[in-house]
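Structure first, then comments.
The values are calculated or read from the model by the stated rules, or taken from the named source; none is laboratory data. Just so it is clear, the structure is predicted and the values come from calculations on it, not from any experiment. Virtual Cβ from ideal backbone geometry, glycine too; neighbours counted across all protein chains shown.
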Amino acid sequence: MNVIEVKDVWKKYRIYHDKGSTLKEKLLFRNRNKYEERWVLKGINLNIQKGQTVGLIGENGSGKSTLLKLISRIIYPNRGEIKVRGKVSSLLELGAGFHPDMTGRENIYTNASIFGLTRKEIDNKLDDIIAFSELEDYIDNPVRIYSSGMYMRLAFSVAINVDADILLIDEILAVGDVSFQKKCFNKIKELKNRGTTIVIVSHNTGSLEKICNKIVWLNKGVIQLKGEPPKIIDNYLQYMKTKEENRIEERHKQTENKKQTEKENNSIGTSTKRWGSQEVEIYNVKMLDLNGNEKHCFSCGDRVTIQIYYKKHKDVENYVFGVGIFNHEGISCYGTNTHIDGMKINNVKHRGVVEFKIKSLLLLPGKYLLDVAVHAEDGRAYDYQRQRYEFEVVSVLKDVGICRLEHEWQIN
């Protein structure tokens, strides 16, 4: 049986550009009250069955919180219809209705009554609410002296103990410290096992995948996909990764002219980031993806080619080309050169390209800097360029550290 039915729901807000805040301003500056209408939800259709736990995911501004507020009837749609069957408890704005001068105990009675509990029901649940919040030593103090974490813990404890048929949760999985977050998560799982219908908004896709039966991905006010958690979450993370890559590439394009000017001014011998005899000069560096496209952003595991463009100003006896990769903290991630790899280079053309091919870029997400160099076998630099090229790595993986080791698990 469907306990929540959302049928062709549309919702818009007025976005004021310069709205007067007082009656005088509104009368004297009528032309200031200009606004645009923005549709936050566009034709949403969604059925949620009794006992289901449904996760709403999407970027900020995609309409997730608006949809929860519509279901809880805090606001109403411009078009469409929403049917809700059962008692609803909403954890949308924790602490809404708390009075700072009242004690924690008094606020429990006030807040719980907003959820529809009688005085007797609150009396029966009071000890459980206080125990869950872990605020026994402060419960008779005014909440104005509470820290933000204590405030949120008390509000969550009230809302979670209402025994509602439907629980609506908006980004509250980060309440309090780590141990309290774990307790909150376990409480939500307990309610799920009891048959409570739960609709939860969170950017923590890992937690949603563990607890949800169904995921709904909202994108710019419409349902992009809905279905089994692993599939929908994977699609969403891939979309966000691609969007992040495009954002990074766009940012690099916007700063390309500035960087080019800096490179022109950063000639050999004029900077601590570049030095050498200039007998051989590195005049350009590119990083290419598998298809030969120059990029500034790669995914963990990508095949990458580093091209080092050089030209000779003088014949020298031997040549060693090298690369080094550092993270944003200056920690060396990897470095090598043609001499280390056993390549003997005695003569090169007047102008050419040296390619360093990485079969699998196993760096974890973050910003990295590339050193490139050409020098003699004895280490004397012809042209050494430190932090010449900046690139970023993105990934949907959750490993930690600097690099990802190729591995597998086996249990005997």
(message) Show me the helices (runs of 4 or more DSSP H) found entirely inside region 85-185 where at least 1 residues are over 23 Å from Thr53 (Cα atoms) and over 33 Å from the mean Cα position of the chain (by Cα).
(response) 104-114, 119-133
(message) Given the criterion over 24 Å from Gly301 (Cα atoms) and among the polar types (S, T, N, Q), identify the matching residue among Asn186, Asn246, Asn235.
(response) Asn186
(message) Checking the condition aromatic (Phe, Trp, Tyr), in a strand (DSSP E or B) and in contact with a Ser or Thr (Cβ under 9 Å, 6 or more places away or on another chain), which residue from Tyr334, Tyr389, Tyr368, Tyr382 passes?
(response) Tyr382
(request) Give the residue that is modelled with the lowest pLDDT, with candidates limited to residues of region 378-407 that are more than 18 Å from Leu361 (Cα to Cα) and among the charged types (D, E, K, R). (result) Arg388
(request) Mind counting the residues in region 85-103 that are in contact (Cβ under 8 Å) with a residue 24 or more places away in the chain and either among the hydroxyl-bearing types (Ser, Thr, Tyr) or in contact with a Ser or Thr (Cβ under 8 Å, 6 or more places away or on another chain) (or both)? (result) 9
(message) Is it the case, given these coordinates, that Lys349 is under 22 Å from the mean Cα position of the chain (by Cα) and at pLDDT below 90?
(response) no
(request) Filter region 99-120 for residues that are under 14 Å from Val158 (Cα atoms), charged (D, E, K, R) and out of contact with any helix residue (DSSP H, G or I) (no Cβ under 8 Å at 6 or more places or on another chain) and give the result. (result) Glu106
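Here are Glu134, Glu121: which of them is in contact (Cβ under 8 Å) with a residue 24 or more places away in the chain and surrounded by 14 or more Cβ atoms within 10 Å (Cβ to Cβ)? Walk me through how you get there before you give the answer.
On the way: Glu121 fails: in contact (Cβ under 8 Å) with a residue 24 or more places away in the chain.
When all the criteria are applied, what remains is Glu134.
Specify which of the listed residues (Ser179, Ser202) is of a type in the set (Gly, Ala, Ser) and either in contact with a Lys or Arg (Cβ under 6 Å, 6 or more places away or on another chain) or in contact (Cβ under 8 Å) with a residue 60 or more places away in the chain (or both).
Details: Ser179 fails: either in contact with a Lys or Arg (Cβ under 6 Å, 6 or more places away or on another chain) or in contact (Cβ under 8 Å) with a residue 60 or more places away in the chain (or both).
Answer to the selection: Ser202.
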(message) Report every pair of residues separated by at least 6 positions or lying on different chains whose Cβ atoms are under 9 Å apart, first residue within region 242-264 and at pLDDT below 60, second assigned to a helix (DSSP H, G or I).
(response) Lys259/His252
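Is it the case that Asn193 is over 17 Å from Ser65 (Cα atoms) and without any contact (Cβ under 8 Å) to a residue 60 or more places away in the chain? Lay out the reasoning, then the answer.
On the way: over 17 Å from Ser65 (Cα atoms): yes; without any contact (Cβ under 8 Å) to a residue 60 or more places away in the chain: yes.
Criteria met by Asn193.
Would you pick out the residues in region 314-373 that are acidic (Asp, Glu), within 15 Å of Glu392 (Cα to Cα) and touching a strand residue (DSSP E or B) at 6+ places or on another chain (Cβ under 8 Å)?
Asp371
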(message) If I ask for residues that are under 25 Å from the mean Cα position of the chain (by Cα) and either outside the structural domain of Glu294 (by TED's automatic domain parsing) or within 17 Å of Trp275 (Cβ to Cβ) (or both), which ones from region 352-371 would you list?
(response) Leu369
(message) Suppose we filter region 336-371 for residues that are closer than 18 Å to Asp383 by Cβ, in contact (Cβ under 8 Å) with a residue 24 or more places away in the chain and surrounded by 13 or more Cβ atoms within 10 Å (Cβ to Cβ); how many remain?
(response) 9
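Whether any residue in region 372-389 is charged (D, E, K, R), surrounded by 11 or more Cβ atoms within 10 Å (Cβ to Cβ), under 24 Å from the mean Cα position of the chain (by Cα) and within 16 Å of Met287 (Cβ to Cβ) is what I want to check. Explain how you work it out, then say what you get.
First pass over region 372-389, keeping only residues charged (D, E, K, R): 377-378, 380, 383, 386, 388.
Right, trim to surrounded by 11 or more Cβ atoms within 10 Å (Cβ to Cβ) and you get 377, 380, 383, 386, 388.
Filter once more, keeping what is under 24 Å from the mean Cα position of the chain (by Cα): none.
No, there is no match, as no residue in region 372-389 is charged (D, E, K, R), surrounded by 11 or more Cβ atoms within 10 Å (Cβ to Cβ), under 24 Å from the mean Cα position of the chain (by Cα) and within 16 Å of Met287 (Cβ to Cβ).
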